[in-house]
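To start, the structure under review is shown below, and the notes come after it.
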Amino acid sequence: MHDTFDNKCELRPITDQTTSRWATLIVSALITGPHRFAQLHQRVGGISQKMLSQNLKALARAGLVDRHVAPTNPPQVTYSLTELGVSLAGPLTELIQWFGRHGDELLAAQEHYDSRQASPRGGSDAGSAVSRLPASAGSS
């Protein structure tokens with residue numbers, strides 16, 4: 001078993017690539033079945049073709065996505081989840097759905113936080129604590 005909390009863990013780059021904003025959405029889109037590139041591009045709103053291509057390559061390299069090229073003219077490329085990808089898609093899809101279910105709460109929390117930061121007495125607790133220290137306490 002790998003310790004992904006260890007900064008030297010060799011899985012860290014794979015974790016970073018497969019849990020990025022785009023990769024998460026791509027994997028979740030593919031849970032419904034194989035997609036052509038254009039279908040994925042349309043489904044994952046806001047992603048550029050370059051980012052989609054880079055993420056598909058990274059997901060394929062990680063063993064999560066299979067790229068199938070049909071011997072047609074022109075070749076038709078279809079992307080689908082591998083067995084390993086399917087096992088990841090469930091938890092990722094649940095995470096995305098969690099954000100959907102708690103979106104209003106998250107936005108309200110951000111608004112509340114931002115309004116406290118904008119108030120004259122808002123700001124960093126650490127900064128205000130430091131400003132209350134005697135001048136001699138801050139020097140070593």
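Conditions tested, residue by residue: (1) modelled with pLDDT under 95; (2) touching a helix residue (DSSP H, G or I) at 6+ places or on another chain (Cβ under 6 Å); (3) open to solvent by 80 Å² or more (accessible area, probe 1.4 Å); (4) at positive phi.
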position: THR18; (1), (2), (3), (4): yes, no, no, no
position: ILE26; (1), (2), (3), (4): no, yes, no, no
position: ARG36; (1), (2), (3), (4): no, no, yes, no
position: ALA60; (1), (2), (3), (4): no, no, no, no
position: GLU83; (1), (2), (3), (4): no, no, yes, no
position: GLU94; (1), (2), (3), (4): yes, no, yes, no
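Condition first: under 17 Å from GLU83 (Cα atoms) and not in a helix (DSSP H, G or I). Can you find one or more residues in region 35-44 that meet it?
yes
Look at ASP3 and say whether it is in a helix (DSSP H, G or I) and surrounded by fewer than 13 Cβ atoms within 10 Å (Cβ to Cβ).
no
Name the single residue, out of those in region 80-103 being part of a helix (DSSP H, G or I) and of a type in the set (S, T, N, Q), that is farthest from VAL27 (Cα to Cα).
If we take residues in region 80-103 being part of a helix (DSSP H, G or I) and of a type in the set (S, T, N, Q), then GLN97 is farthest from VAL27 (Cα to Cα).
If you go through region 39-48 one residue at a time, how many are open to solvent by 70 Å² or more (accessible area, probe 1.4 Å) and without any contact (Cβ under 8 Å) to a residue 12 or more places away in the chain?
Count: 3.
Of all the residues that make up region 58-79, how many are closer than 18 Å to ALA29 by Cα and either part of a strand (DSSP E or B) or in contact with a Lys or Arg (Cβ under 8 Å, 6 or more places away or on another chain) (or both)?
Residues that pass the stated criteria total 8.
The values are calculated or read from the model by the stated rules, or taken from the named source; none is laboratory data. A quick note: this is a predicted structure, and the numbers were derived from the prediction, not measured. FYI the Cβ positions are ideal-geometry reconstructions off the backbone, even for glycines, and counts take in every protein chain you see. These area figures cover heavy atoms from the full protein model, side chains too; ligands, DNA and RNA do not enter into them. Shrake-Rupley method; radii C 1.70, N 1.55, O 1.52, S 1.80 Å.
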